[in-house]
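The values are calculated or read from the model by the stated rules, or taken from the named source; none is laboratory data. Remember, it's a predicted structure, so these values are computed and weren't measured experimentally. Note that each Cβ is placed from the backbone with ideal geometry, even for glycine, and that neighbours are counted across all protein chains shown.
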Amino acid sequence: MINIAILAIDNCMESSVMGPKDIFTIASMEWGKTISMREETLFRSIVVSLDGKPVTSFTGTAISPSNRLDTCGPLDLIFIPVIYGNLDSLLAQKELVEWLYAMSQSGVIICAVCAGTFLAAQTGLLDGRTATTHWGLADQFQKCFPRVVLNKEKMIVDEGEFITAGGVTAYLDLSLYITGRFGSAELVSMLSKLLLIDPARRLQTPYKTFDYHTGHDDAAVLRAQQWLLNHSEQSTSLARLADIAGLEPRTLNRRFKKATGNTPLEYLQNLRLGKARTMLETTSNSFESITLHVGYEDVSSFRRLFTRSTGLSPSAYRKRFSIK
């Protein structure tokens, strides 16, 4: 039997605490009933908090744990949920961080989803290892934990003693992954059908949206950005953008990269990709016409770029995200 402690923390997302508990409970029921054919429990999961007292989720709902940290009993795995909002107070909880460190050193597997990966990384035990988190938190995570190798494209990263998952609803993917690691592929297949969970989500890239990065104070770069936002379908050059910004091309390239994280032409490329994604989601236009609309002429080249950027072909992207 695998003993799991699911952490309940202030500002956590309640569904990422109770959802995994539901999945592990159902997994145990199905394991004993249809797979192992024996009266045995695959998982025992409990909800714990630092002091055993109720915590308040980010919606204001109280979550009542069954144990405090020091009354969990023997553990095999700790599940850190989604944390929503400011993380400073969470990372300052020295007692919780030290407990996670000690549990990991004793052989307990640490699992974390979304911003919960920040708490796992705060132990220092992810230094030199690969992890993932919500794609929207990637820049913040890299600034906080530069020694962790961040793979923001992956939905799940398994480093043996540490398993991390991407954004928000990735707690579903992580819970299924755990049932497969300690149960079987047959159990994962059964649960995915029973609970209507897609077991094939491997990447976060199809869900990532482009950050326009306009929250800086470089007026010259902002002029170039504004022109690109309004004329992204037009062909342009670094020299033309430099004229608009009132800078030398090399200076614009350097300052644009510093302010936005992209070169001007990379920024333009991302704008066009974003428009193409929106058109695939909201129209029935062919990819050929979308390619021309966003400013590309070579359909094959743009198709390759789109697939590399999102991890899905245009037709697969439309099938998954179309709202028509």
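Considering only residues that are among the aliphatic types (A, V, I, L, M) and assigned to a helix (DSSP H, G or I), look in the range 118-129 and name the one that is nearest to Asp88 (Cα to Cα).
This residue is Leu119.
For a quick check of your reading: which helices (runs of 4 or more DSSP H) sit entirely within the range 284-323 and have at least 3 residues that are out of contact with any Asp or Glu (no Cβ under 8 Å at 6 or more places or on another chain) and of a type in the set (D, E, K, R)?
Helices (runs of 4 or more DSSP H) meeting the threshold: 299-310.
Out of all the residues in the range 234-253, which are surrounded by 14 or more Cβ atoms within 10 Å (Cβ to Cβ) and closer than 23 Å to Glu297 by Cα?
Thr236, Leu238, Arg240, Leu241
Kindly establish whether Ala219 is free of Cβ contacts under 8 Å to residues at least 12 places away in the same chain, surrounded by fewer than 18 Cβ atoms within 10 Å (Cβ to Cβ), within 26 Å of Lys319 (Cα to Cα) and not charged (D, E, K, R).
When the stated conditions are applied, Ala219 does not pass them.
For the range 130-223, which fully contained helices (runs of 4 or more DSSP H) count at least 3 residues that are closer than 25 Å to Asn270 by Cα and in the same structural domain as Ser28 (by TED's automatic domain parsing)?
Output list reads 138-144.
Restricting the search to the range 83-123, which residues are surrounded by fewer than 17 Cβ atoms within 10 Å (Cβ to Cβ) and more than 20 Å from the chain's Cα centre (by Cα)?
Hits for the range 83-123 are Ser89, Ala92, Gln93, Lys94, Glu95, Glu98, Tyr101, Ala102, Gln105, Ser106, Gly107.
Evaluate the following for Glu14: is it under 17 Å from Tyr177 (Cα atoms) and assigned by TED's automatic domain parsing to the domain that holds Ile109?
Answer is no for this residue.
Suppose we filter the range 117-156 for residues that are in contact with a strand residue (DSSP E or B) (Cβ under 8 Å, 6 or more places away or on another chain) and within 21 Å of Thr209 (Cα to Cα); how many remain?
Looking only at that region, the number is 13.
Kindly indicate which of Phe287, Phe256 is surrounded by 14 or more Cβ atoms within 10 Å (Cβ to Cβ), at pLDDT 95 or above and farther than 30 Å from Asp218 by Cβ.
Phe287
Working only within the range 57-76, note down all residues that are of a type in the set (A, V, I, L, M), closer than 15 Å to Asn3 by Cα and modelled with pLDDT of 95 or more.
Leu75
Would you confirm whether any residue within the range 104-119 is touching a Phe, Trp or Tyr at 6+ places or on another chain (Cβ under 7 Å) and more than 24 Å from Ser15 (Cα to Cα)?
no
Return a yes/no flag: does the range 162-179 have any residue that is over 16 Å from the mean Cα position of the chain (by Cα), touching a residue at least 12 places away in the same chain (Cβ under 8 Å) and surrounded by fewer than 21 Cβ atoms within 10 Å (Cβ to Cβ).
no
I need every pair where a residue in the range 94-105 that is farther than 9 Å from Gln122 by Cα and modelled with pLDDT of 95 or more has its Cβ under 9 Å from the Cβ of a residue that is in a helix (DSSP H, G or I) and small (Gly, Ala, Ser), sequence separation at least 6 or different chains.
Leu100/Ala120; Ser104/Ala120
Residue-wise test of (1) among the aliphatic types (A, V, I, L, M); (2) closer than 16 Å to Ile6 by Cβ.
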residue	(1), (2)
Glu98	no, no
Gln105	no, no
Val113	yes, yes
Thr133	no, no
Leu137	yes, no
Lys143	no, no
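What pairs come out if I take residues in the range 66-80 that are assigned by TED's automatic domain parsing to the domain that holds Thr123 and pair them with residues that are among the hydroxyl-bearing types (Ser, Thr, Tyr) and part of a strand (DSSP E or B) whose C-beta lies under 7 Å away, six or more apart or interchain?
Close Cβ pairs (under 7 Å, with a partner that is among the hydroxyl-bearing types (Ser, Thr, Tyr) and part of a strand (DSSP E or B)) amount to Arg68/Ser49.
Which of the following residues is at positive phi and at pLDDT below 95: Gly274, Gly261?
Result: Gly261 is the single residue among Gly274, Gly261 that is at positive phi and at pLDDT below 95.
Of everything in the range 253-283, what is β-branched (Val, Ile, Thr) and in a helix (DSSP H, G or I)? Give them in sequence order.
Thr260, Thr278, Thr282
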